[in-house]
Amino acid sequence: MEYDIIFVAGPQGSGKGTQGKRLAEKLDFLFWEMGGTLRAILAEGGPLAGRIKAIDHGKLLDDDLILEILKEKLPLVPEGRGIIFDGVPRRIRQSEFMIGWLRERGHEGRMATLYIDLSRDECKRRLLLRAEREGRADDTPEAIDQRFRDFDDEIHAAMEYLKDHTRFITIDGAPAPDAVAAAIEGALGR
C-alpha cells in the first residue's frame with residue numbers, strides 16, 4: 001500500500017472510529033483517536049485537563065489547545081510507523097499544522113483521507129444507540145446536534161483542505177461494517 005498516513009473522517013456516528021481501528025489493526029498502524037487522547041488527558045488530570053472540560057458538552061476545543069496537544073503528543077509516535085488519525089484535523093489551522101508536520105517527516109505524497117459518508121438521521125440513530133450501550137456522556141441529543149453544527153460550520157472546510165493535500169476517498173458508511181471495511185481495503189488497493 002502506498003499510504004502510511006490515513007485520516008479517517010466523516011460525521012459523528014458514521015463508523016469512522018470502528019473502521020479506523022480495524023484498518024490500523026490490519027495494517028499494524030498506530031491508531032490515533034483525538035477523542036480518546038482527550039479523555040486520557042482528562043483522566044490523568046494536570047494542567048491540560050482543566051482546559052479540556054468542554055469535550056463533555058460536545059463542543060470542539062479551540063485550535064490553540066488542540067495544536068498544543070498535537071505538538072506535545074505527536075513527537076511521541078515512533079518513527080517509521082504508519083498512523084491512522086480519527087478526530088483530527090477538524091479545522092483549517094489543524095489541517096495546515098498536521099500536513100506540514102507530516103511533510104517535514106517524509107510523508108509527502110503518502111497521505112490519504114477516508115471519508116465515511118452517512119446520512120445525518122442514521123448517524124444520530126447510531127450515536128444514541130452507542131450512548132445507551134456505553135454510557136457515553138458526550139452522546140446526548142444536545143451534544144450530538146452541536147457536533148453536527150460544528151461539522152457543518154468548520155469540519156467541512158478542513159475536509160476541503162484535505163481534498164487538496166491528500167488522496168481523498170469517499171466510502172459509503174451505510175452497509176454492514178464488514179462490507180464497509182472491504183470497500184475501504186479495495187479503495188486503498190489492498
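No lab work stands behind these numbers, since they all come straight from the coordinates. Computed from a predicted model, the values in this text were never measured in an experiment. With ideal geometry, Cβ positions are generated from the backbone for all residues, glycine too; neighbour counts draw on all protein chains shown.
Placing +1 on the Cβ of every Lys and Arg and -1 on the Cβ of every Asp and Glu, with no other charges, gives the chain a dipole of roughly 260 debye about its Cα centre. Give the residue from TYR161, LEU27, ALA43 lying farthest towards the positive end of the charge dipole for the range 5-187; charges sit on Cβ (+1 for Lys and Arg, -1 for Asp and Glu) and the dipole is referred to the Cα centre. In the range 5-187, that residue is LEU27.
As a length-normalised measure over Cα pairs under 8 Å and 6 or more apart, the relative contact order of the range 5-187 settles at 35 percent.
Using every pair of separate Cα atoms, the Kirkwood estimate puts the hydrodynamic radius of the range 5-187 at 16.8 angstrom. Taking amide hydrogens as placed 1.01 Å from N in the peptide plane, the amide H of GLY82 sits under 5 Å from those of LEU30, each at least 5 positions away in sequence or on another chain.
Could you state the number of Å between the C-alpha centres of the range 117-135 and the range 1-32? Computed from Cα coordinates, the inter-centre distance equals 19 Å. Evaluated with a Cβ-only charge set (Lys, Arg +1; Asp, Glu -1), the range 80-146 carries a dipole of roughly 260 debye about its Cα centre, given to the nearest 20. Number of Lys-Lys pairs in the range 5-187 with C-alpha atoms under 29 Å apart and a separation of 8 or more places or on different chains: 27. Across the range 174-190, computed HN-Hα scalar couplings (Karplus, 6.51 cos²θ - 1.76 cosθ + 1.60, θ = phi - 60°) run 6, x, 4, x, 5, 5, 5, 4, 5, 5, 5, 4, x, 5, 8, x, 9 Hz from first to last residue, x flagging Gly and Pro.
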